[in-house]
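Structure first, then comments.
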Amino acid sequence: MPAVLRVALPVPLPTLFDYLPPAAGEACVGSRVLVPFGRHKLVGVVVAIDAEAAVGSSRLKQVLRLLDDDALLDPELMQTLAWAAGYWLGAPGEAYANALPLALREAKPLPPIGDEYWSLTGAGRSAHDAGSRRGGSKALLDLLAAGALSAQELSERQPGWRDAARRLAAAGLLEPSERPPPDRPLPPSLAPQLSDEQQQAVAAVSASLGQYQPFLLDGVTGSGKTEVYLALIEQVLAQGKQALLLVPEIGLAPQTVRRLRERLGVIVEVLHSNLSEGDRARAWLRARASSARVILGTRSAVFTPLPQAGLIIVDEEHDSAYKQQEGFRYHARDLALVRARALGVPVLLGSGTPSLESLANAEAGRYRTLHLRARPGAVRPPQVQIIDMRAQRLEHGMSPALLGAVADTVARGEQALVFRNRRGYAPVLLCHACGWHAGCPRCDRPLTLHAGRRQLICHHCDYRQRLPAACPTCGAGDLKPQGQGTERLEEALLAQFPQVPVLRVDRETTRRRDAFEQLLATLSDDQPAILVGTQMLAKGHDLPNLTLVAIVGVDEGLHSVDFRAGERLAQLVVQVAGRAGRARKPGRVVLQTHQPEHPLLRSLLAQGYAAAARELLAERRLIQLPPYSHQVLLRAEAPQREQVDAFLAAAHAALPTNAQLQIAGPMPAPMPLRAGRHRGQLLLEAASRRTLHGMLRSWQLALIALPAARKVRWSLDVDPIDL
Ligand code: ADP
Ligand code: ZN
Ligand code: ZN
């Protein structure tokens, strides 16, 4: 009987596809194959080799070409991917598509993975000395005049350098090579003497090297978590093993890369979605070949092969960026745990504001908690004060007490951060004469006024229109911005403090790469300044002269229907507040609110995040919400509401009867209309994960078969993080 290859293909169907083995070569599990699929050819991954086909083998097509003689994906990764596809209800092919860099999903030979170095030729040195080039070419010649650099170093120092490199190489001025220049690696820089708490944390994880054990490293920003990571990575490297460090955003990476490289003296492989596809594939392959020892990356880097794994670290583990919100909806933190178990290595989750999921796991004894309570260098934690803004005269949303605190700070020559989590000038534009407000025709939500661009913009679908001169309903010219965004606060603060520089940091002012770091770099450490911005300000460089954090408004978060809003609010407030008083100067935090008695704010500010999180967890337990129950959300959207309703009704009817299963809906989504599409959802909940997962695959297959499914766009989200 001929063997049959079961292949995962990049199509959104939750099945494998059977093929006959290729005419030439011996396929193995984990190797890629090129196969005929309908009228196309697709690259797939062999998942299993069976003696018999699911359908009669006479009808099977043959693999066109075997792309790898050896498995590209090792057994651990294959097993983890199969598990992940099953758990998050992905199509197997989708899981592989997420794991493999794009360049490896093509029917091409693997790119060579020798490190890529660039150096000047003799002609290049003359050109440099003559100063004959301009712009990017000149910058690149200048960089390389000091010695050869790797492609990765070039990417860090001169983003977009490849165009210039291509031009200069064509002119014979540069040449690439695979051989590292003789003068590396860098000598390692010295580590600080670790505190007792840091030493204890390092010792605990270190004692678990070589076996699976999750740790939660609980310490606010600046408490020295990164030093703990560094000490552990050093040990892992000394054992000849690999370390994977996940970070939520690549914006955080350049600093971290520099720090890791300077300390460890080895090349740090960076994997993130802004990398060119070739670079990404090479980095992935170097990890697979074990020549990459330290791998730093964002969400998708959790799929990096780690044949010599020693340790996995997930920094800022509470960050929602770890959850993929489209396509294959996996959670990188959760997957990191699964991989650590399969690889038999410890996994370290770090955060100053741990997710309630992780806290519950720690409480249940599944994770061991390590605390960093003291902040090295800082005098003491910032003082926090609630400002009751009821019945106050507000100046563009800012109370006299808040403005007073800013004035005191800049008068002392220090810096203040004014936080408001809304971009634009005002979230609503209202006609004072007739009550009309500008709304998005495609979302049924107010448009945000962007005064500088003279535009109204929908923050949900990016619909834009010119700012009207008069009310389109009654013709009155009396259009009034309601509420405050960062743009308006910037204007108001500039007017209040004309002698102090005011810097706005939000998505609008930091559109360009590195713009954020560049903006912060314009601040000098001994001059007063006011920073105004969104949650982007919660992260980034240390600002030693920043002593006040003024939170303008978080009340929206206290009213949200999303049960996670309280957790997010607490995390955000703590993260932003953590920017104050990082260095020798004591910090202060003021938070103005219309609800000074709100229990969450009270416990957060009086007792800190841990106490607030305990209360939130107790609430979740009481009303049986995650992490004390498990959820799956079916989302659907279509141009017409009837199509959504029909699909969700049929999906509901297709559910098995099970007393353990709670069903909420069908109901409208929190945004029932978005970008012109009607949206609805159906929420499944169960106390046991097994109950829930037991029926999901068959339900998913039933949904695919529904005639009503063809008229809607739908998705299943396991453990959704926004409802
Ligand atoms: P986190 O990762 O928790 O934000 P870091 O590890 O970046 O904290 O530490 C914050 C700052 O304190 C850094 O500038 C770091 O160099 C410094 N630091 C950390 N640990 C120590 C220590 N034991 N002694 C002196 N400085 C330290
Ligand atoms: Zn009007
Ligand atoms: Zn819209």
Per the C-alpha gyration tensor (a ≥ b ≥ c, the square roots of its eigenvalues), the range 189-234 is rounded if a/c is under 1.5, else prolate if a/b beats b/c, else oblate; here it's oblate
Taking only the alpha-carbon positions of the range 17-81 as identical scatterers, the Debye log10 I(q)/I(0) at q = 0.12, 0.13, 0.19, 0.23 Å⁻¹ comes out as -0.29, -0.34, -0.72, -1.01
HN-Hα couplings for the range 13-20 via Karplus (6.51, -1.76, 1.60; θ = phi - 60°), in whole Hz with x for Gly/Pro, come out as 10, x, 9, 9, 10, 8, 9, 7
Taking a crude spin-label model, label points 7 Å out from Cα along the C-beta direction, the residue 191 to residue 607 distance in nm is 3.6
Whole-percent tail of the Cα-Cα distance distribution for the chain, cut at 52 Å, equals 16
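Treating only the Cβ of Lys, Arg, Asp and Glu as charged (+1, +1, -1, -1), what charge dipole size does the range 184-301 show about its Cα centre? Round to the nearest 20 debye. Write out the running numbers ahead of the final one.
Values: 13 positive and 10 negative charges, 108 e Å.
That gives the range 184-301 a dipole magnitude of about 520 debye.
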Taking alpha-carbon centroids only, the range 618-637 lies from the range 653-723 a number of Å equal to 13
With 0.36 nm assigned to each residue of separation and the Cα-Cα distance removed, residue 640 to residue 308 gains 114.3 nm
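I want to verify the translational diffusion coefficient of the range 446-576 in µm²/s; compute it with Stokes-Einstein, Rh as the Kirkwood radius over Cα pairs, at 25 °C and 0.890 mPa s.
Answer, rounded: 143 µm²/s.
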Here the range 280-294 yields Karplus 3J(HN,Hα) values (6.51, -1.76, 1.60; θ = phi - 60°; whole Hz; Gly and Pro given as x) of 5, 5, 5, 4, 4, 5, 5, 5, 5, 7, 6, 7, 7, 9, 10
Per its Cα gyration tensor (rounded if a/c is under 1.5, else prolate when a/b beats b/c, else oblate), the range 1-51 is best filed as prolate
Env charge @ residue 700, Cβ radius under 14 Å, K,R +1 / D,E -1, value +1
If each K or R counts +1 and each D or E counts -1, the residues other than residue 643 whose Cβ falls under 13 Å of its Cβ total +3
The summed charge of the residue 616 Cβ neighbourhood (under 11 Å; Lys/Arg +1, Asp/Glu -1) stands at +2
Expressed in nanometres to one decimal, the distance between label points 7 Å along Cα→Cβ at residue 470 and residue 373 is 6.7
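I'd like the FRET efficiency for residue 150 and residue 255, computed as 1/(1 + (r/R0)^6) with the beta carbon distance as r and R0 of 25 Å, rounded to 0.05. Intermediate values should be presented prior to the final figure.
On the way: r = 19 Å, r/R0 = 0.75.
According to the calculation, E is roughly 0.85.
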Between the modelled labels at residue 171 and residue 132 (7 Å from Cα along Cα→Cβ) the distance in nm is 0.7
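A short reminder: the numbers here are calculations on the coordinates, not readings from a lab. Here the structure is a predicted model, which means the values were calculated and not measured. Please note: Cβ atoms are built from the backbone with ideal geometry, for glycine as well, and neighbour counts cover all protein chains shown.
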